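See below for the structure under consideration.
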């Protein structure tokens, strides 16, 4: 049964997820999204551009955070999601996406959720906030 | 280089400088969602009666022009992508014909250790084939004044 607004407490943590950012999966994403820049799916080309390797597209990171919300609350409706791409997530790395409920609005039955993606070194590479409506 | 933010706002915000059209294809909707790890069936299964694009799907769309012609370039180039804010309004369904209208929504500066950075908020407003608004995406681009370092 899907989570409801009344089930959620202020400060609740969403179960973290370890997103698949392997080269094969990022290529699936870039194909579906039409993002043809080689720096997203070719390590060698990314290094030629001065990057340490291929990088995960920012909008894929944002999609990972949306998926984090839906895995926690499949019936959630995302009313707004704002993400800041502080630093790249590397393809073939092992990031972790997390979220925590920072506010509840009883009138609109919406939650504010702070979102992050960290790399293996626990560096926060992507931050965001989402406004989410629950039944 | 001195940045006159008020002049930039006055001269460049509030008008549509680009319009582009896209079609929401089933395979792309599924591929985008599943690659991100989405598991809710309304985003991953075309046979679901409520099948639709994930909320941030329109952030994949880029118009024909990133900035209006002759928009000043600080430090050269378009800068880098600092973030995106998506406000879904209505579902995007498979087969929808999406029209995107671009405008410069805001311009502001921040100054840090690496110098002054110019933030340009490129807003894309999306509507479907019935003219119904479906989403707004604010794309924050940053240009850095390398001469100030």
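Just so you know, all these numbers are worked out from the coordinates, no wet-lab data involved. Keep in mind that this is a model prediction, so the values were computed, not measured. So basically every Cβ, Gly included, is an ideal-geometry build from the backbone, and we count neighbours across all protein chains shown.
Some notes on this structure:
- Cα gyration tensor shape for the protein assembly as shown, rounded if a/c is under 1.5, else prolate or oblate: rounded
- Efficiency of FRET between residue A:31 and residue B:89 - r from beta-carbon atoms, R0 22 angstrom, step 0.05: 0.20
- Cα extents for the range A:13-85 along the principal axes, largest to smallest and rounded to whole angstrom: 42, 23, 22.
- Helix axis angle, A:23-33 relative to chain A longest principal axis, alpha carbon, degrees: 70
- Mean per-residue shielding of peptide B:39-47 is 3, counting Cβ atoms of other chains within 10 Å of each Cβ.
- Shape category assigned to the range B:35-115 from the gyration tensor of Cα positions, a/c cut at 1.5: prolate
- Translational diffusion coefficient of the range B:1-74 (Stokes-Einstein, Kirkwood radius from Cα pairs, 25 °C, 0.890 mPa s): 159 µm²/s.
- Approximating the spin labels as points 7 Å out from Cα along Cα→Cβ, the residue A:44-to-residue A:112 distance works out to 4.9 nm.
- Stokes-Einstein diffusion for chain B, with the hydrodynamic radius set to the Kirkwood value over Cα pairs and evaluated at 37 °C in a medium of 0.692 mPa s, equals 196 µm²/s.
- Prolate/oblate/rounded call for chain A, Cα gyration tensor, a/c under 1.5 rounded: prolate
- Between residue B:10 and residue B:113, full extension at 0.36 nm per residue minus the direct alpha carbon distance yields a gain of 34.3 nm.
- Taken residue by residue and averaged, Cβ atoms of other chains lying within 10 Å of the Cβ of B:49-56 number 4.
- Degrees between helix A:58-72 axis and first principal axis of chain A (Cα, 0 to 90, nearest 10): 40
- Chain B: calculated mean residue ellipticity at 222 nm from DSSP helix runs of at least 4, using -39500 (n - 2.57): -4000 deg cm²/dmol
- Based on Cα contacts under 8 Å between residues 6+ apart, the range A:1-65 shows a relative contact order of 21 percent.
- Over chain B, Cα pairs under 8 Å with separation of 6+ residues give a relative contact order of 29 percent.
- Whole-Å distance, taken between Cα centres, linking the range A:9-75 and the range B:62-107: 20
- Summary value for chain A: 30 percent relative contact order, contacts being C-alpha pairs under 8 angstrom separated by 6+ residues.
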